[in-house]
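Comments concern the structure below.
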Amino acid sequence: YPAESRRLVGAPEWVEKDAYDIDAKAEGEASEERIQLMLRSFLAERFRFAAHHAPVEEAVFELTTTQPEDRRRDALRPSAFDCDAIREARQAGRAFEGTPPANGAPPCGWRSDGENYRFGGVTMSRFAQTLNPDGRVVVDKTGLSGPYEFTLRYSREVVTTDDLPSIFVALPEQLGLRLVPGRSMLRAVIVDRIERPTENVDIWPTLLSLL
């Protein structure tokens, strides 16, 4: 159930406490959309899950730029990758043909070693989705269009050091961006019904029938 909000509105407390192992396999190359449908069927069968989408107002952080003349934004290098074509090639199992990003990031993606976050051609909207300061959603308000290549060094931990700053310090110092508290209407998942799962049974026929 793709949504902008990370909350499950109306869910009981055990949803945030109970942990489960899920082992499932799709035959062939299943698209992301098909996998979502398969998971919906799984949740409905095993958890009696039913939900709908609705807008809810939440506290968020807005990703904005600092002063227009801030030269630190030169660290955001415009990318020439055709991300739609690269995504189609990946889904078809074809290898990337071309020069990869100089910072070592995957084309039209990102990777991290826990300290350095390398982005290889992503939009500011996609970049905002990778951030989760204080558990809040980040909304792109930069006005910057197109994909960019850049590297950001910061700590996701509450306790930080001068060498490894928090996201609030790293963004303005390294990229000329900043996070501003705000409120926004977000598309959220509203839980209509959910139950603890039934005893483990063979669910493969149900999953495979959706392919």
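The table below lists the values:
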{"quantity": "Candidates GLU173, GLU97 - the one that is modelled with pLDDT under 90 and of a type outside the set (S, T, N, Q)", "calculated": "GLU97"}
{"quantity": "Selection status of PRO55, in a loop (DSSP other than H, G, I, E, B) and of a type outside the set (D, E, K, R)", "calculated": "no"}
{"quantity": "Filtered residue count, the range 183-211, keeping only those that are at pLDDT 95 or above, more than 20 Å from the chain's Cα centre (by Cα) and open to solvent by less than 80 Å² (accessible area, probe 1.4 Å)", "calculated": "2"}
{"quantity": "Residue pairs meeting the criteria (Cβ under 9 Å; at least 6 apart or on separate chains; first over 18 Å from ARG72 (Cα atoms), in the range 145-163; second loosely packed, with under 10 Cβ neighbours inside 10 Å and small (Gly, Ala, Ser))", "calculated": "SER155/GLY114; ARG156/GLY114"}
{"quantity": "Matching residues in the range 88-104 - criterion: being under 18 Å from THR151 (Cβ atoms) and surrounded by 10 or more Cβ atoms within 10 Å (Cβ to Cβ)", "calculated": "PRO100, PRO101, ALA102, ASN103, GLY104"}
{"quantity": "Residue count, the range 59-87 (criterion: open to solvent by less than 50 Å² (accessible area, probe 1.4 Å), assigned to a loop (DSSP other than H, G, I, E, B) and among the polar types (S, T, N, Q))", "calculated": "2"}
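The values are calculated or read from the model by the stated rules, or taken from the named source; none is laboratory data. Computed from a predicted structure; not experimentally measured. No Cβ is skipped: glycine too gets one built from the backbone with ideal geometry, and neighbour counts run over all protein chains shown. Protein only, heavy atoms only, side chains kept; ligands, DNA and RNA dropped before computing areas. Shrake-Rupley method; radii C 1.70, N 1.55, O 1.52, S 1.80 Å.
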